[in-house]
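The values are calculated or read from the model by the stated rules, or taken from the named source; none is laboratory data. The shown structure was predicted, so the numbers you read here are calculated from the model rather than taken from an experiment. Using ideal geometry, Cβ is built from the backbone for each residue, glycine included, and neighbour counts are taken over all protein chains shown. Accessible surface is based on the protein model in full, side chains and every heavy atom, while ligands, DNA and RNA are left aside. Shrake-Rupley method; radii C 1.70, N 1.55, O 1.52, S 1.80 Å.
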Amino acid sequence: MIYCAGVANLQVSTAYAAALSGGYDGTFTAMQDVLVYALSKNGQTVEFMTYLGGTNDDVGNGISISGSNIFVCGSTSSSDFPVTNGSGGTTAAFDNSLGGTQDGFVAVFDNTLSQLTYCSYIGGAGVDEALTIRATGTNTFDISLHSYSSLPTSSPNYLV
């Protein structure tokens with residue numbers, strides 16, 4: 001598969017309804033939502049697709065793969081972004097609230113994009129954006145974060 005992440009500014013074509021129907025979130029809800037999709041090996045067919053986001057603008061910037069996990073990063077202005085709470089087999093978010101007008105985020109999906117196993121805000125009290133992500137293991141990752149403000153030195157604690 002070839003996995004891609006970016007942003008959708010409108011509902012995707014009904015031609016992709018089958019790929020979207022099995023995704024984590026099949027509903028376009030904002031002016032901009034993160035769009036993650038998987039193409040067949042030859043790039044001819046959209047196999048899996050999902051939206052990710054809340055009621056404000058959400059943008060996917062980076063993607064990485066490790067094992068059966070798909071790691072996505074970007075930025076969100078949504079205070080209702082779907083961070084994971086630790087129930088239902090998911091890992092609790094590192095940071096579960098929007099810290100400023102825009103935070104970075106990290107999300108982890110299964111390889112069919114049907115389950116969101118981890119999702120967290122990343123950022124401080126200003127404007128932050130996760131630019132790139134690199135999976136370093138099945139459940140670990142590194143990100144680059146552009147921050148227009150200082151990051152918290154208390155919980156959640158950032159390694160800088």
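Leu10 to Asn96: extension gain in nm, 0.36 nm per residue of separation minus the Cα-Cα distance?
Contour length minus Cα-Cα distance gives 28.3 nm.
Note on Met1 and Asp142: with the Förster distance fixed at 25 Å, the Cβ-Cβ geometry gives a FRET efficiency of about 0.65.
In terms of the mean number of neighbouring beta-carbon atoms within 10 Å, the peptides 81-89, 22-30 order highest first as 22-30, 81-89. Stokes-Einstein diffusion for the stretch 22-133, with the hydrodynamic radius set to the Kirkwood value over Cα pairs and evaluated at 4 °C in a medium of 1.567 mPa s, equals 93 µm²/s.
Dividing the mean sequence gap of close Cα pairs (under 8 Å, 6+ apart) by how many residues the chain holds gives a relative contact order of 18 percent. Were the residues from Thr132 through Ala18 laid out at 0.36 nm apart, the gain over their Cα-Cα distance would be 38.1 nm. Heavy-atom accessible surface of Ile63, to the nearest 10 Å², is about 50 Å², with a 1.4 Å probe and all protein chains retained.
Applying 1/(1 + (r/R0)^6) with R0 = 25 Å to the Cβ-Cβ distance of Ala125 and Asp80 gives a FRET efficiency near 0.85. For the peptides 33-40, 112-119, the ranking by packing is 33-40, 112-119, with the highest mean count of neighbouring Cβ atoms within 10 Å listed first. Treating r as the C-beta distance of Ser66 and Ser40 and R0 as 25 Å, the FRET efficiency rounds to 0.75.
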